[in-house]
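Input: a single structure, listed below in structure tokens.
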Amino acid sequence: MPIHTNGEAQSNVFSLPDTDRDIAILVVDDDPDLLDLTATFLEREEGGFEVRTESNPSDAIETVTEVELDAIVSDYDMPTMDGLEFLEAVRQINEGIPFILFTGKGSEEIASEAISKGVTDYLEKRTGPDQYSILSNRICNAVEQYRASETLKRSEEKFSKVVRNSTDVLGIVDETGRFKYISPACENELGYKQAELIGESAFDYMPPDDRKEAMDKFFTAVENPGREPTIEFRFEDPTGGWTLVEARGKNLFDDDFINGFVVNARDVTGLKEREQELEQQNEQLRNMRKMLSHDLQNPVSIAADSLVLYRDTGEEQWIEKAEKAIDRMDELLEQVSAMRMVETDISETETVELRDIVSSAWEMVETANSELHIEDSKAFEADCSRLKQVFENLIRNAVEHSDGSTVIRVGTTDGGLYFEDDGPGIPQGERDKIFESGYTTNPDKTGFGLNIVKEIVIGHGWDIEITESEGGGARFEIDGIVYQPAVYS
């Protein structure tokens, strides 16, 4: 099979546009002399053709199958297969490739049949080299159109595939906000099929609070094409739920092809939830840091003061007190490091005695001249270390808000326990606030102690309430405790 070439062939003729590369042509004619002349003149005329030749249409079909071509030039009258039969075989392989019937046996009947079967061009053979200039021009025009068509087709296929597989929703709305187009992703992201939203107003799917802001930004952008707003809103799904959507818009009403407002939207519900979770985790990290700082104050002070007294007196009891304080610090540090940031439930409990827990907490607080009276005691299930924090903070709170000589009483009730003092008490209007993190009436304090108390109590599944004691001080009542049958006094 002779090959006439005047340049390197491209590895992929569809990697378009590339107007500088040679045009790959297959010329088919059963006359070897005419075949050679056609190929030679085409190369001379254009100077940018890569010409292949075949004298047998059956071999030519194989070439069409195996070789990437830009155009085919074929004779009509050939013994094994005429040009139109060859055309039909080519169209089975490649529907769009330019096919020019170049024949010496021309007639209106053949031309009409050729056109009906999809021939690209029809040219009768004549004498003289000028006919090859005409053929060359016809080939160039046909290939230019073919390449442009293939480029557009591939671009459309690529765009269509991108739109179909994108998780973002691409939409075009008119000047009132009604959908002219919406991509298939709307079914996965918003819960609606395309046909259900076309013609619908996007604003009808928003709650009133979100609709006003979205409409303001949209109509401002319609009147001011340079603006490209980003809008966040809730979009109602078919079940009545809400999808949180972030949409970016661009005014393309001046574009003759688009003639609308292009919207690129995505579901940010999960993103916002993750942001909230992260903020919650950060808040709890801050709370743990405060808690650690707050609850370590007492054992640090106890250890430091006990060491001072030991140096002054040499009495071993102060060393033992310092050791207990250090053990308590280790316990708090271990507890905080093991704590899950998003969990307040108490998972591990043991049987504890109210008297033991309160007494141990009393030793960890600087109590000045205050007194502790444990009026009765019962056993129940609790997290020993966390419950000790409750009483440490309640004791410290009572001492700090008195003149240093308050009397504290602790005892049990039918379904819980109480902790009360004879200090100044807590005004009625502040009782709902004191459990809030950071709330304090003393600027020198963290305002975190009673928040810790509430978190630990709730974590045990109990409730806590503030009332007034008989002496006018504060009374904390913890309910929901299940006591063991044995009663200790």
Calculate one ³J(HN,Hα) per residue across region 81-95 by plugging θ = phi - 60° into the Karplus curve 6.51 cos²θ - 1.76 cosθ + 1.60, and present them in order as whole Hz with x for glycine and proline.
-> 6, 7, x, 6, 5, 5, 4, 4, 5, 5, 5, 5, 8, 9, 6
Based on the Cβ-Cβ distance from S149 to V300, what FRET efficiency comes out when R0 is 60 Å, to the nearest 0.05?
-> 0.15
Quick tally, 1.4 Å probe accessible area for R274, R211, R311, sorted with the most first, runs R311, R274, R211
Filter the cross-link list K272/K454; K153/K217; K324/K433; K321/K388; K321/K433; K272/K433 down to pairs whose alpha-carbon distance in this structure exceeds 25 Å.
-> K272/K454; K153/K217; K324/K433; K321/K433; K272/K433
Can you tell me the accessible area per residue over region 203-279, all protein chains present, probe 1.4 angstrom, in square angstrom?
-> 62 Å²
How large, in percent, is the carbon and sulfur part of the accessible surface of region 48-105 at a probe radius of 1.4 Å?
-> 38 percent
Bins of 10 Å from zero: percent of alpha-carbon pairs in region 162-263 = 16, 52, 30, 3
For region 82-140, which GluC sites (Glu not before Pro) are in a loop by DSSP, counting at most 14 other Cβ atoms within 10 Å?
-> E95
Show me 220-228, 169-177 ranked by packing, highest mean number of other Cβ atoms within 10 Å first.
-> 169-177, 220-228
Per residue, how many Å² of accessible area does region 73-150 show with a 1.4 Å probe?
-> 51 Å²
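The values are calculated or read from the model by the stated rules, or taken from the named source; none is laboratory data. As the structure is a computational prediction, the values presented were derived from the model and not from experiment. Here the Cβ is made from the backbone with ideal geometry for all residues, glycine too, and neighbour counts use every protein chain on show. Quick note on the areas: whole protein, heavy atoms, side chains included, nothing else; ligands and nucleic acids left out. Shrake-Rupley method; radii C 1.70, N 1.55, O 1.52, S 1.80 Å.
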